[in-house]
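Colleague: This structure is in structure tokens; I'll ask about it shortly.
The values are calculated or read from the model by the stated rules, or taken from the named source; none is laboratory data. The structure displayed is predicted, hence computed values, not measured ones. Virtual Cβ from ideal backbone geometry, glycine too; neighbours counted across all protein chains shown. Each accessible area value is taken on the protein alone, full model and side chains, heavy atoms only, with ligands, DNA and RNA left out. Shrake-Rupley method; radii C 1.70, N 1.55, O 1.52, S 1.80 Å.
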Amino acid sequence: MTNQSTGSPKHSGEAATAKREQILKGAHEIFAEYGYEGASMSVIARHTGVSKGTLYNYFDNKAELFTAVVKQKTERDLPAAFRPVNADLPPRETLHALARSTIALIIAPTTLSLYRVIISEARHFPHLAETFWEHAPAICIDTLARWLTDRTEKKELNVPDPMFAAEQFYTLCQTRIVTRRRFELPVSTTDADIDRIADATVTMFLAVYSAS
């Protein structure tokens, strides 16, 4: 029997953890290749190299498995992306570092593959969009909003609506590079290019929300 909240089997240990990692890696690859609807549990089991019974021992259904894939991705990547927020740097430095880490995270191949699955299937499987939003954008927006609130209280910024401002910031981060990568259009993604987008994002953001 599985634990509904985590998608983990009752038994634990290194072998179980390794098997779960194996399943999640294979599932991510299948979701990326076939989409959500086309990725049956049978295909995932075969690709992962486990029996269908073993797969169901870890995850009760495809929705739970997809949720686990998204959750694993965000739990691994978001702490590093948000490191600048916890570094107690001046606002411009914090926002610039956050913009860079955000752009790099969004254009990572695994992030792009999940995003494309969700966009293509959201109309027929709205829970996919809800799952992704809950475990990625919502966390990003809330984390930045709390930081903006703190810096406003310290008189370093002037942000009347931190949640809205956080959404604006992440939208600015998606200019040019992210948008083109999502459509698989040619675009340069060098460090210099990412720096240019980060600089422009922070300059525009602080033009509105600077305390001075």
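Colleague: Quick check on my filter: what residues within region 9-32 are modelled with pLDDT under 90, exposed (fewer than 15 other Cβ atoms within 10 Å of the Cβ) and either on the phi < 0 side of the Ramachandran plot or of a type in the set (Ser, Thr, Tyr) (or both)?
Modeller: Those that are modelled with pLDDT under 90, exposed (fewer than 15 other Cβ atoms within 10 Å of the Cβ) and either on the phi < 0 side of the Ramachandran plot or of a type in the set (Ser, Thr, Tyr) (or both): Lys10, His11, Ser12, Glu14, Ala15, Thr17.
Colleague: Regarding region 105-127, can at least one residue be identified that is over 30 Å from Tyr34 (Cβ atoms), open to solvent by 50 Å² or more (accessible area, probe 1.4 Å) and part of a helix (DSSP H, G or I)?
Modeller: No, because not a single residue in region 105-127 is over 30 Å from Tyr34 (Cβ atoms), open to solvent by 50 Å² or more (accessible area, probe 1.4 Å) and part of a helix (DSSP H, G or I).
Colleague: Output the number of residues of region 86-117 satisfying the condition of being hydrophobic (A, V, I, L, M, F, W, C), free of Cβ contacts under 8 Å to residues at least 40 places away in the same chain and farther than 17 Å from Asp191 by Cα.
Modeller: Going through region 86-117 one residue at a time, the tally reaches 2.
Colleague: Tell me, yes or no, whether region 152-169 has at least one residue that is open to solvent by less than 90 Å² (accessible area, probe 1.4 Å), assigned to a loop (DSSP other than H, G, I, E, B), closer than 13 Å to Ile106 by Cβ and β-branched (Val, Ile, Thr).
Modeller: Within region 152-169 (the criterion being open to solvent by less than 90 Å² (accessible area, probe 1.4 Å), assigned to a loop (DSSP other than H, G, I, E, B), closer than 13 Å to Ile106 by Cβ and β-branched (Val, Ile, Thr)), the answer is no, since none of the residues qualifies.
Colleague: Residue by residue through region 170-195, note down the ones that are open to solvent by 60 Å² or more (accessible area, probe 1.4 Å), in a loop (DSSP other than H, G, I, E, B) and not polar (S, T, N, Q).
Modeller: Correct list: Arg176, Phe183, Glu184, Leu185, Pro186.
Colleague: Run Asp142 past the list (1) open to solvent by 60 Å² or more (accessible area, probe 1.4 Å); (2) at pLDDT below 95; (3) assigned to a helix (DSSP H, G or I) and report the number of the one that doesn't hold.
Modeller: Here Asp142 meets the rest and fails (2).
Colleague: Which count do you get for residues in region 21-66 that are closer than 26 Å to Pro109 by Cβ, in a helix (DSSP H, G or I) and touching a residue at least 40 places away in the same chain (Cβ under 8 Å)?
Modeller: Counting residues in region 21-66 that are closer than 26 Å to Pro109 by Cβ, in a helix (DSSP H, G or I) and touching a residue at least 40 places away in the same chain (Cβ under 8 Å) gives 14.
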